Amino acid sequence: MSSGRVDWQAGAGSPLRGELVVPGDKSVSHRAVMLAAIADGTSEIEGFLEGEDTRATAAIFQSLGVRIDAPDPSRRRVHGVGLHGLRGAPGPLDCGNAGTGMRLLAGLLAGQAFESVLVGDASLSRRPMGRVITPLRQMGTRIDAAEGGLPPLTIHANNVLQAIDYELPVASAQVKSAVLLAGLYARGETRVREPHPTRDYTERMLAAFGWPVRFRPGEAVVPGGHALRATAVSVPADFSSAAFFLVAASLVPGSDLLLRRVGMNPRRTGLLQALRLMGADITELDPGEQGGEPVADLRVRHARLRGIEVPEVLVPDMIDEFPALFVAAALAEGRTVVRGAAELRVKESDRIAVTAAALQALGARIVEAPDGAVIDGGALAGGVADSHGDHRVAMSLAIAAQRAAGPVEILDCANVATSFPGFVPLARSVGFGLSSPQAE
């Protein structure tokens, strides 16, 4: 939803040192606002991500009749209207760039007594929604999409939802979550089974709001006919945002960084395991719990990384971190092989193709596969690399530039604001060579 062209200038900085707190977890922020909106009572959310995606979700619920106050940055006070208290909006509901927002809202809105139209920006409008539409229709939702299952999505009023026992054809936390949220409004007990366990943010958040959800890796069950109770949510620091600094500090000689209170959901930290297999020096300190999620401080120091064959079992738990992993692999010693990551083809961009092309422009040796890539590590040169509007690719290229032999111009970075507002000044504060001329 960012407007205007934003390009970055990047190059080798200094060793990355100090400590930092990255923004709140985007996935937890989305879900906290959604469940607080349909809970009974007033919920307090601390650590809310002040990104465009999460603000878009909050704005949608305001247009649906929910009062949401922002007493301070990264805080939200949500005055819940109860499970059946939402009101129809006068126009389309704009999800901006938020695929998570659109897919989860499709499930939540399926059980409402009013029609909703979900729209998004140009990037989101190219992202297929068929995998959400299929199970929602099985539950009784009348839902229409553009040709090819693309947005906008029109969810018709007065759907009588019936619980289903649904086996996901492809592991996806967003699709699972959409079905579970629709299950809140369904008759009976909705069960979702997964071919591989995915992130359980929705299940944990439902439990925090008092819904009798049952879940274990690979399966979740939601009975209909209950209520959500307002609660206080403390959002942990986002692991996906921390990932850029974990990779950068591993790669830049002399680095020693401390990342505070990072969310350590085991369904999210596949990159941490992969980096350790590559030889990374990352220590977990002071573990605890925050907002129903495990957290820890992470200390990362420079290490010599070596190429690996990434275990496919880790892939679902690091699907958002592959652009950063590709950078680590491009600068590691030896060959890295990634398989089982076809989901990357339908993210904000075709992340395999876009990341590979951008790194190849800097001299990386990458051969694409349908579900991954083969990357031979070596040196990177300066040059021009295009992120094609994908926020995670842009930030990963900023990492690559720290080890490039010359300056790197990174194109089309405006969408970084959707997930990591303030990335440039925060990265610079710990030693990145990075600037955004349009913002200076």
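Take the conditions (1) surrounded by fewer than 22 Cβ atoms within 10 Å (Cβ to Cβ); (2) without any contact (Cβ under 8 Å) to a residue 60 or more places away in the chain; (3) within 25 Å of His30 (Cβ to Cβ); (4) not small (Gly, Ala, Ser); Asp386 misses just one of them, which is (3).
A quick yes/no check of all residues on (1) touching a helix residue (DSSP H, G or I) at 6+ places or on another chain (Cβ under 8 Å); (2) not small (Gly, Ala, Ser):
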{"site": "Ala358", "(1), (2)": "yes, no"}
{"site": "Ile366", "(1), (2)": "yes, yes"}
{"site": "Gly372", "(1), (2)": "yes, no"}
{"site": "Gly378", "(1), (2)": "yes, no"}
{"site": "Val384", "(1), (2)": "no, yes"}
{"site": "Arg392", "(1), (2)": "yes, yes"}
{"site": "Ser396", "(1), (2)": "yes, no"}
{"site": "Ala401", "(1), (2)": "no, no"}
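Given the condition over 24 Å from Ser241 (Cβ atoms), touching a residue at least 12 places away in the same chain (Cβ under 8 Å) and not polar (S, T, N, Q), answer yes or no: does some residue in the range 344-356 qualify? Scanning the range 344-356 turns up no residue that is over 24 Å from Ser241 (Cβ atoms), touching a residue at least 12 places away in the same chain (Cβ under 8 Å) and not polar (S, T, N, Q).
Among the residues of the range 391-413 satisfying the criterion of being of a type outside the set (A, V, I, L, M, F, W, C) and more than 18 Å from the chain's Cα centre (by Cα), which is surrounded by the most Cβ atoms within 10 Å (Cβ to Cβ)?
It comes out as Gln402.
Within 21 Å of Gly279 (Cα to Cα), of a type in the set (Lys, Arg) and in contact with a helix residue (DSSP H, G or I) (Cβ under 7 Å, 6 or more places away or on another chain), is that true of Arg351? No.
With respect to the conditions (1) touching a strand residue (DSSP E or B) at 6+ places or on another chain (Cβ under 9 Å); (2) under 30 Å from Ser29 (Cβ atoms); (3) surrounded by 21 or more Cβ atoms within 10 Å (Cβ to Cβ); (4) touching a residue at least 40 places away in the same chain (Cβ under 8 Å), Thr418 lacks only one, and its number is (1). Every condition in (1) at pLDDT 95 or above; (2) outside the structural domain of Pro169 (by TED's automatic domain parsing); (3) of a type in the set (Asp, Glu) holds for Glu293 except the one numbered (1).
Can you run down the residue pairs with Cβ atoms below 7 Å, 6 or more apart or on separate chains, where the first is in the range 324-336 and surrounded by fewer than 24 Cβ atoms within 10 Å (Cβ to Cβ) and modelled with pLDDT of 95 or more and the partner is assigned to a strand (DSSP E or B) and of a type in the set (Asp, Glu)? Close Cβ pairs (under 7 Å, with a partner that is assigned to a strand (DSSP E or B) and of a type in the set (Asp, Glu)) amount to Arg335/Asp376.
Any residue at all in the range 361-380 that's part of a helix (DSSP H, G or I) and not hydrophobic (A, V, I, L, M, F, W, C)? So far as the range 361-380 goes, no, none of its residues is part of a helix (DSSP H, G or I) and not hydrophobic (A, V, I, L, M, F, W, C).
The values are calculated or read from the model by the stated rules, or taken from the named source; none is laboratory data. Here the structure is a predicted model, which means the values were calculated and not measured. Methodologically, a virtual Cβ is constructed for each residue, glycine included, from the backbone with ideal geometry; neighbour enumeration extends over all protein chains shown.
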